[in-house]
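Trainee: Let me give you the structure first, and then I'll get to my questions.
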Amino acid sequence: MKKYKVGITVGVFDLFHVGHLNLLEKCKDMCELLIVAVCDDDYVLNVKHKEPVFNEKDRCRILSALKVVDKVILVTSEETHDKLLLYNKIPFNVLFSGDDWKGSERYLKTEKEFKALGVSIEYLPYTKGISSTEIKEKINK
């Protein structure tokens with residue numbers, strides 16, 4: 001039996017790579033139903049100040065094709081920043097996040113809000129040596 005019923009992770013998932021796959025497999029190992037929340041193009045352009053290689057529709061389609069992913073939803077900048085809004089949109093038992101967020105002011109607040117709801121946060125390590133940014137830099141060389 002898996003530790004959680006419904007899990008969610010949030011990300012851009014541009015230039016899908018093995019690090020993304022590793023993350024999703026770790027998430028799926030811990031929950032029965034894995035939801036992937038894809039940040040919309042507005043978030044990528046106006047918050048991350050990057051232009052996505054693949055648009056939001058294509059990123060969602062790629063993720064939907066993976067057997068470890070049970071459901072894909074598109075999320076706004078507001079839902080990306082305020083995970084309580086995301087929870088109200090689609091309830092879940094656990095939020096999976098990169099361990100680089102652990103201890104940040106934003107996530108300490110989220111932990112407190114989620115604790116009151118009985119929702120957990122699992123911080124997962126990134127795959128070392130690979131990122132979409134690094135892939136873009138290699139291509140541009």
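What follows is calculated from the coordinates using simple rules that are stated; it is not laboratory data. Being a predicted model, the structure only gives us computed values, none of them experimental. All Cβ positions, even for glycine, are placed from backbone atoms using ideal geometry, and neighbour counts span all protein chains on display.
Trainee: Sequence-distant or interchain residues sharing an amide H contact under 5 Å with L124, placed H: which?
Mentor: Distant-sequence amide H within range of L124: S97, G98, D99.
Trainee: Given R₀ = 41 Å, FRET efficiency for L33-E137 by Cβ-Cβ distance, to 0.05?
Mentor: Between L33 and E137 the formula returns 0.70.
Trainee: Averaging sequence separations of C-alpha pairs under 8 Å and six or more residues apart, then dividing by the length of the chain, give the relative contact order as a whole percent.
Mentor: It rounds to 28 percent for the chain.
Trainee: Could you work out the equivalent-ellipsoid semi-axes for the chain, taking the square root of 5 times each eigenvalue of the Cα gyration tensor, largest first, in whole Å?
Mentor: 24, 17, 15
Trainee: Another question about this same structure. Multiplying the sequence separation of K102 and N55 by 0.36 nm and subtracting their Cα-Cα distance, what value in nm do you get?
Mentor: Residue separation times 0.36 nm, minus the Cα-Cα distance, leaves 14.1 nm.
Trainee: Given the DSSP H assignment, sum -39500 (n - 2.57) over each helix run of at least 4 residues in the chain and divide by its residue total; what's the result at 222 nm in deg cm²/dmol, nearest 500?
Mentor: On the way: 7 runs with 62 residues, N = 141.
Mean residue ellipticity at 222 nm (helix-derived): -12500 deg cm²/dmol.
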